[in-house]
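A short worksheet on the structure shown next.
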Amino acid sequence: IIAIAFDPTSNQGFILTGSGILYRYNHPDMKGTLTVIPQEMQPDAPQQIYTSGNRLALDTMNHRAVYSGSHNDVIVYDYLNNQAIARFPLDVPVNCITYNATGELLVIGDWSGEGVLHLVSTNDWQTVMQVNTGKPLSRCAISPDDTFIATGSLDGEIALWGIPSNSTNGG
């Protein structure tokens, strides 16, 4: 298991396995209810995930899960309607994913030597900004007030990156 996430408002839980497959379960009756999400929402070529990082994030306001199913594939899944919303194939492995508190901004951090943060507006699923951090990223998180992204790298460095105020509204 790479990651586990739970949405208490819908009683939906998610487990991301080391092979990049996402499973969901209903709480509180978890016995026998673990099911794989539909094939079209799974990575094209599942592979074993060896790197650490936050590869699964929930937008509980809009009932969306985002996960890195394989090293270079990010999938956005509407778990109330059981459908794929968006897929982001990247040229390099993904190692961190997070939403802001309102679900309007998705941050994808890649594992390249440059450690690029891809800021994506969830209004139109377009990249609004990219930040080159200069290091492969292991973790990323957005501050509660949407003003900073905190990143962690394998050498132990923690950095803060400002978020322009227009990044969360698609502009």
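The values are calculated or read from the model by the stated rules, or taken from the named source; none is laboratory data. From a predicted model like this one, the values you see are computed outputs, not experimental measurements. Areas reflect the complete protein model, heavy atoms only, side chains present, ligands, DNA and RNA absent. Shrake-Rupley method; radii C 1.70, N 1.55, O 1.52, S 1.80 Å.
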Using amide H atoms built in the peptide plane, which far-off residues or other-chain residues are under 5 Å from Ala3 H to H? Leu16
If amide H atoms are built 1.01 Å from N in the plane of the peptide, which residues on other chains or at least 5 residues away come under 5 Å of the amide H of Asp73? Leu90, Val94
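Cα gyration tensor of the stretch 66-171, axes a ≥ b ≥ c as square roots of the eigenvalues: rounded (a/c below 1.5), prolate (a/b > b/c) or oblate?
Taking the square roots of the gyration eigenvalues as a ≥ b ≥ c, the stretch 66-171 is oblate.
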Accessible area (Å², 1.4 Å probe, nearest 10) - Ile1: 140
Whole-Hz ³J(HN,Hα) for each residue in the stretch 118-129, computed from phi via Karplus 6.51 cos²θ - 1.76 cosθ + 1.60 with θ = phi - 60°, x for glycine and proline: what do you get? 9, 9, 10, 6, 7, 6, 10, 6, 10, 6, 9, 6
For Thr133, what residues show an amide H to amide H distance below 5 Å, using hydrogens built from the backbone and excluding near sequence neighbours? Val116, Leu117
Mean 1/r over distinct Cα pairs of the stretch 60-109, inverted to a Kirkwood Rh in Å, yields 11.2
Order the following by accessible area, largest value first: Asp91, Asp146, Asp73, Asp155. Probe radius 1.4 Å; ligands, DNA and RNA are ignored. Asp91, Asp155, Asp146, Asp73
